[in-house]
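Contents: one structure, followed by commentary.
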Amino acid sequence: MASKSPSASAAAARARLSTADLRLQRWLRYQRVRRATLALSVLWVLGLPLWHLARDLFESAGLAAGSRWAVLAALSARPPNPPLLGAPWTVSLFGLELLDPTAFVSLLAARAVDWHVVLGALPLLVLVPFLGRFFCGWLCPYLPVLAASNGLRALLARAGLRLPDLKLPRWTQYAVLAGLLSATAVAQTQLIPLVYPPSLIAREAYRAVFQGSLGGGAVFILGAFLFDTFGSRAGFCRSLCPGGATFALLSVRSPVKVRREPAACTDCTLCDVVCNLGQQPMTDKLDMGCERCGKCVSVCPTDALRIEIGKPVTLAPEAVTPGAAR
Ligand code: SF4
Ligand code: SF4
């Protein structure tokens, strides 16, 4: 079947479907690896403060002794130094310093870059242009919040509530990034960490463990959750996140892409529905905003989609049986 724009009935089907209706049934190994990576990332971001609390309790009680988590931390045997230090913004992994590219551009704007910063940023500045915006789909600790938002949207939709899905123009996130970097350059103070979920979530986790409270970062994350749930599905990641914009801009020439075999496609719209980031694999309308999560590939009933490096999809003739897997 040749590629074509969705028919009226397909568009109606898309309007009725939600992500909660869809099962990821193919490319399961890819999804398992992605989910395991994501779970480790979230565990690390939320568990690291507890680890530090336990170490502080053994070394010098101080602030750690007053934490409401002190009892839990004291149950552990003296923990070794964690192999990972820091939040996703800046990480020390077995002594190797790594910097989020978003942190790098923020430091550039603040004119606070030295050769340590360049060396720390280099690995991801090389990796992201090749792999694309993978951080968003594989590592970002905001994803569980987004999953909760999508789940709540689906629940409310089943209850008959029609929620708006505001589609901000694609350039919005680039305008947000440019505005924040310009303000950083003028104020000589980094502003992106104040609105970048990975950085906010990591800081709030430390605050919760060491001070027993949540701050403005938690309020911001709550605002993003409410926006995603009641205003625009995944709208924050899709249109507002300065980190997503940075990763997308770096991904512009990435050879790792979702590719479609038109002959196998039945225009069922499932891939478009499952995509959080507003990509449209069904009509090959994919751009640098794709996070390589592979959900569209996993949900496609006819195996018409693949994530491949630099070459088009080719299917065996017997695999081209439109509608057979429905
Ligand atoms: S899910 Fe597969 S068959 Fe359905 S529209 Fe997308 S590519 Fe085509
Ligand atoms: S197009 Fe597919 S791989 Fe890319 S973000 Fe959307 S669902 Fe994920």
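Here, each number is a calculation from the coordinates, and none is a lab measurement. All values derive from a computational prediction rather than experimental measurement. Here the Cβ is made from the backbone with ideal geometry for all residues, glycine too, and neighbour counts use every protein chain on show.
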Summed side-chain charge close to TRP138 - residues other than TRP138 whose Cβ falls under 14 Å, Lys, Arg +1, Asp, Glu -1: +4
Table column - 3J(HN,Hα) (Hz), the stretch 149-164, Karplus curve with 6.51, -1.76, 1.60, x for Gly and Pro: 5, 4, x, 5, 4, 5, 4, 5, 5, 5, 7, x, 8, 8, 8, x
The stretch 141-146 - phi-based ³J(HN,Hα) in whole Hz, Karplus 6.51/-1.76/1.60, Gly and Pro as x: x, 6, 4, x, 5, 5
Counted charge near GLY217, where neighbours are those whose Cβ lies closer than 10 Å (Asp, Glu -1; Lys, Arg +1): +1
Efficiency of FRET from Cβ geometry, ILE309 and ASP287, R₀ 22 Å, rounded to 0.05: 0.80
Alpha-carbon Debye profile of the stretch 100-147, log10 I(q)/I(0) at 0.17, 0.18, 0.26, 0.27 Å⁻¹: -0.59, -0.64, -0.94, -0.97
Estimated vicinal HN-Hα couplings, Hz - the stretch 36-51 in sequence order (Karplus 6.51, -1.76, 1.60; Gly, Pro = x): 5, 4, 5, 4, 5, 4, 5, 4, 5, 4, 7, x, 4, x, 5, 4
